[in-house]
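Values quoted throughout were computed directly from the atomic coordinates according to the rules given, and no laboratory measurement underlies them. This structure is a prediction, so every number in the text was calculated from the model and none was measured. Here the Cβ positions follow ideal geometry from the backbone for every residue, glycine too, while neighbour counts run over all protein chains shown.
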Amino acid sequence: MSLLPSATEIVYALGLGVDLVGVTFECDEPPAAHAEKEVVVGGRDTSGMTPAEIDTYVRDQLASGEDLYTLHADALARLRPDLILTQDLCRVCALPSGHVSEALDHLGCRADVLSLDPYTLDEVLGTILAVGERTGTADRASRVVAGLRDRLARVAERVAGRPRPRVAVVEWVDPPFAAGHWIPDLVSAAGGESVAARGGRRSEELTWTEIAAAEPDLVLVSPCGYHLAGAVAQAAVVTAALPGVAVWAIDGDSLVVRPGPRLVDGVEAIAAILHPDAVPAPPTGSIALVRSPASG
């Protein structure tokens, strides 16, 4: 059972989709996960809310001790999984592992709980190995990770020796958050220099003045919970707040914010933005130029 989208992607990457019995309402990759598996974790539909409204809702829920997600205990008891994949990285992203363990104790279920909590790109690759180890597919996981590392090495070779543009990744626009965790590693692997955020640490709420003071050459808008169209729409806030800086939108949920195998797709997409003459363009629908630096 997977209680976060990135874990669902890992499960399928390891060829274990047939063994998956339950997912969350946000598990949309691959599409079969949402269409064919039972949804065991629900949450509020925020599609009609602005970024500021979502931020207020999240803060109010956390301040009052309320959960952002609901674990369907009846489904958990009925499906009786052997292994549950969850996290403690971010209460905004998924149910904490402690809540899952409490539910299991209450129901008398004996499932193992594996918490996936990477803070760096290397640790993300390590979670794939961890899932492989716990599911008896260690050799398969090693091959998957080796393939991902080979792709990272090819990008590194293509961008080696080139100037490294200063890149700020904004994962929320109202209020602005500079993306932390593994995302600065993506920028570095793509041949850029991450600014306004620190790798291996939580994303940080900043002011637009502080982001501007970091002197980015370009800003990547990659809001958590959104694909490319949502990122393009929210980029208008960034262009207004940071005049004269190049602004790109990127499909955050597919390429940047979910700590799973597709982060390497994200590295390749960012490298194509930073070094378009050295790295092939990503698939249509991955990135979009919102404002070039010359447009002011």
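Please give the helix 263-274 orientation as an angle from the longest Cα principal axis of the chain, in degrees from 0 to 90, rounded to the nearest 10. Roughly 10 degrees, rounded to the nearest 10. How far is helix 121-134 tilted, in degrees, relative to the longest principal axis of the Cα atoms in the chain, given as a value from 0 to 90 rounded to the nearest 10? The two axes meet at around 20 degrees. The trypsin sites (Lys or Arg not before Pro) of segment 192-296 meeting both criteria, a DSSP state outside H, G, I, E and B (loop) and at most 15 other C-beta atoms within 10 angstrom of the site's C-beta, are 198, 201, 202. Computed from the Cβ-Cβ distance with R0 of 25 Å, the FRET efficiency linking residue 72 to residue 229 stands at 0.25. Length gained on full extension, residue 277 to residue 117: 54.1 nm, using 0.36 nm per residue less the C-alpha separation.
If only the Cβ of Lys and Arg carry +1 and only the Cβ of Asp and Glu carry -1, the dipole of the chain around its Cα centre is close to 700 debye. Each residue of segment 231-238 is assigned a 3J(HN,Hα), and the resulting list reads 5, 4, 4, 6, 5, 4, 5, 5 Hz, derived from the Karplus form 6.51 cos²θ - 1.76 cosθ + 1.60 (θ = phi - 60°), x at Gly and Pro.
How big is the antiparallel share of DSSP beta bridges in segment 147-296, given as a percent to the nearest 5? Spell out each step's value before the answer.
Numbers: 9 of 19 bridges.
Antiparallel bridges make up about 45 percent of those DSSP assigns within segment 147-296.
The three principal axes of the C-alpha atoms in segment 241-296 carry coordinate ranges of 36, 26, 15 Å, sorted with the longest axis first.
Electrostatic bookkeeping for residue 150 treats Lys and Arg as +1 and Asp and Glu as -1; over the other residues with beta carbon under 11 Å from its beta carbon, the sum is +3.
Summing Lys, Arg as +1 and Asp, Glu as -1, what charge do residues with Cβ under 12 Å from the Cβ of residue 286 carry, residue 286 excluded? Value of the local net charge: -3.
What the phi angles of segment 158-163 give under the Karplus curve with 6.51, -1.76 and 1.60, with θ = phi - 60°, is a coupling list of 5, 9, 4, x, 8, x Hz, glycine and proline written as x. Semi-axis lengths, largest first, of the ellipsoid equivalent to the chain are 33, 23, 15 Å, with √(5λ) applied to each eigenvalue of the Cα gyration tensor. Couplings for segment 145-156, taken from phi via the Karplus curve 6.51 cos²θ - 1.76 cosθ + 1.60 with θ = phi - 60°, read 5, 4, x, 5, 5, 4, 5, 4, 5, 5, 5, 4 Hz in order; Gly and Pro are left as x.
With the largest listed first and rounded to whole Å, the semi-axes of the equivalent ellipsoid of segment 196-248 from the Cα gyration tensor are 18, 16, 9.
Per-residue extension of 0.36 nm, minus the Cα-Cα distance of residue 151 and residue 201, leaves a gain of 15.5 nm for this segment. For residue 160 and residue 56, a Förster radius of 51 Å and the Cβ-Cβ distance give a FRET efficiency of 0.70, rounded to the nearest 0.05.
The overall shape of segment 161-296, judged from the alpha-carbon gyration tensor, is rounded, with an a/c ratio under 1.5.
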